[in-house]
Amino acid sequence: MKVDPTVKKETIFVSIVTLLLSAVMESVFLIICKWDIPVLFGNLLGAVIGVINFFVLGLTVQKVVKSDEERARQLMKNSHAIRFTGLILIIVLAVVFPQAFNLWATLMSLLFATFAVCLRPLFNKVR
């Protein structure tokens, strides 16, 4: 399946905002003298999974647009269940391996993609 240009554009926007917010978060951990390698790995894990989650959502919506209503509903439901389960598994991974992933850094960076989606209307150019 070919990725729609809108999905690419929005994923790039989410990636950039996530990268910027990750840098801010790392800076805050440095300023408060709580930075260590698990903070970096937790940030990387959460940020990458957050962007992948958004991209998969975009691909699902792209596929749903071309489907009939009942199939679209089922595709969205299945996609949501799989993506949510994946997010829970990532959080469990951060809890089980605290020496590798800082839980707070992981949780915060998982939310960066959602924050980017909320910021998006501020950067849309109405024509």
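The values are calculated or read from the model by the stated rules, or taken from the named source; none is laboratory data. These figures come from a predicted structure and were not determined experimentally. Ideal geometry is used to build each Cβ from the backbone, glycine not excepted, and the neighbour counts take in all protein chains shown.
Select, from I37, I32, I12, I52, the only residue that is within 20 Å of the chain's Cα centre (by Cα), within 24 Å of A100 (Cβ to Cβ) and modelled with pLDDT of 95 or more. The unique qualifying residue is I52. So which of T6, T60, T11, T85 ends up being farther than 30 Å from K125 by Cα and among the hydroxyl-bearing types (S, T, Y)? Result: T85 is the single residue among T6, T60, T11, T85 that is farther than 30 Å from K125 by Cα and among the hydroxyl-bearing types (S, T, Y). Filtering region 78-127 to residues that are free of Cβ contacts under 8 Å to residues at least 60 places away in the same chain and aromatic (F, W, Y) leaves F84, F97. Checking each residue in region 90-127 for being over 30 Å from K9 (Cβ atoms) and either of a type in the set (S, T, Y) or out of contact with any Leu (no Cβ under 7 Å at 6 or more places or on another chain) (or both) picks out V92, L93, V96, F97, P98, Q99, A100, N102, L103, W104.
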